[in-house]
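The values are calculated or read from the model by the stated rules, or taken from the named source; none is laboratory data. This is a predicted model, so every value here is computed, not measured. Using ideal geometry, Cβ is built from the backbone for each residue, glycine included, and neighbour counts are taken over all protein chains shown.
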Amino acid sequence: MKRIIIFIMLIALMAVPLSGCKDQDGELRHVVLNEVTRSVFYAPLYAAAGLGFFEEEGIELEIVTGGGSDKSMTALIAGDAEFALMGPETGIYVINEGSDNHPMIIGQLTKRDGSFLVSREDTDNFSWDQLRGKSVIGGRVGGMPYMTLMYVLKQNGLTPGVDVEVIDNIQFNLMGGAFEGGTGDYVTLFEPTATLFERNGSGYIVANIGLESGEVPYTTFMTMPQTIKNDPELVKAFVRAIVKAQKWIQTAADGEVAEAMAEFFPDADKSTLEIVAKSYRQTDSWMKTPIMTEDAFTRLQDIMDSNGELKARVKLSDLVDNSFAEAILKELDK
């Protein structure tokens, strides 16, 4: 994580004041969301876009893929995006650098790690002990994929760096390519990449990291405090679109979910998207509302602490603003 760089940018840059969701002619307002990566794991977001929920709220949403939480955070701070989708740990890092003017979490999208452990060799009876003496590509130090993997390894009696080598110098969006190129005995991959790897014989899914680690606020929506202060209607409109998608996806068939997000995954056929949508639903990976709980936030910091990445505990209210989600849920329940 490029924490120092992020902190310097946070001090130097201010978000551009915004106003209203539509322009004076009533046209849709162009809004940029920078996502940490492209994954079916974020299905409710793509469903909200694909089903027109953002347009209903006056927003023309452009989704830009950052390729790492540091890049998504930098885009948000620099004013290149009004919103960002990334791990909440990034916000904790910024707060721990000492700034009061930090991004705020306005909604939680996923509630567990969305990655799968992929092996070069197929096995019918996987056990974590099989990683002894092996290597696994685990993401970058300080990122949630890496920290969750380290947490799971320790929970299963493995000491990283002693029992198993965790490769931590490969950028998140390059991990699959590195594995295909011969690096590592295992790799952690999100969907649909993990299933596509299995289908083309590049690897075999042997474990679900999210089920092993338990519930944790894994992916969240963030915006700058200036946006909350100067343009609360935009924030409310954005969160309302997400709430609509979260409600829709609870009763939608897996095929409907696949159809709704198909345009965002041109390299994956709909049958693959349906399979992975079913997988994430069965593992209860998606939030039913955007509200983050105190218990979940504590679990997140426990995992960070176990990785030696937590300088100081952060209060939920210092980073999380549940007020928009709470207000919208009351509106929709009337």
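Yes or no, residue by residue, for (1) of a type in the set (S, T, N, Q); (2) closer than 25 Å to Pro192 by Cα:
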site	(1), (2)
Gly26	no, no
His30	no, no
Ser39	yes, yes
Gly50	no, yes
Leu76	no, no
Tyr93	no, no
Gly107	no, yes
Arg120	no, yes
So Ala241, is it closer than 20 Å to Arg38 by Cβ, touching a strand residue (DSSP E or B) at 6+ places or on another chain (Cβ under 8 Å) and either among the aromatic types (Phe, Trp, Tyr) or crowded, with 22+ Cβ neighbours inside 10 Å (or both): yes
Residue, surrounded by the fewest Cβ atoms within 10 Å (Cβ to Cβ), within the stretch 309-334, restricted to residues that are acidic (Asp, Glu) and over 21 Å from Gln226 (Cβ atoms): Asp333
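Table: residues versus (1) assigned by TED's automatic domain parsing to the domain that holds Gly201; (2) without any contact (Cβ under 8 Å) to a residue 60 or more places away in the chain; (3) closer than 29 Å to Leu310 by Cβ.
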site	(1), (2), (3)
Asp122	yes, no, no
Asn125	yes, yes, no
Trp128	yes, no, yes
Leu131	yes, yes, yes
Lys134	yes, yes, yes
Arg140	yes, no, yes
Met144	yes, no, yes
Met147	yes, no, yes
Val152	yes, no, yes
The stretch 226-280, residues that are among the aliphatic types (A, V, I, L, M) and part of a loop (DSSP other than H, G, I, E, B): Ala252, Ala253, Ala268
Glu274 vs. criteria closer than 16 Å to Asp113 by Cβ, touching a helix residue (DSSP H, G or I) at 6+ places or on another chain (Cβ under 6 Å) and surrounded by 15 or more Cβ atoms within 10 Å (Cβ to Cβ): no
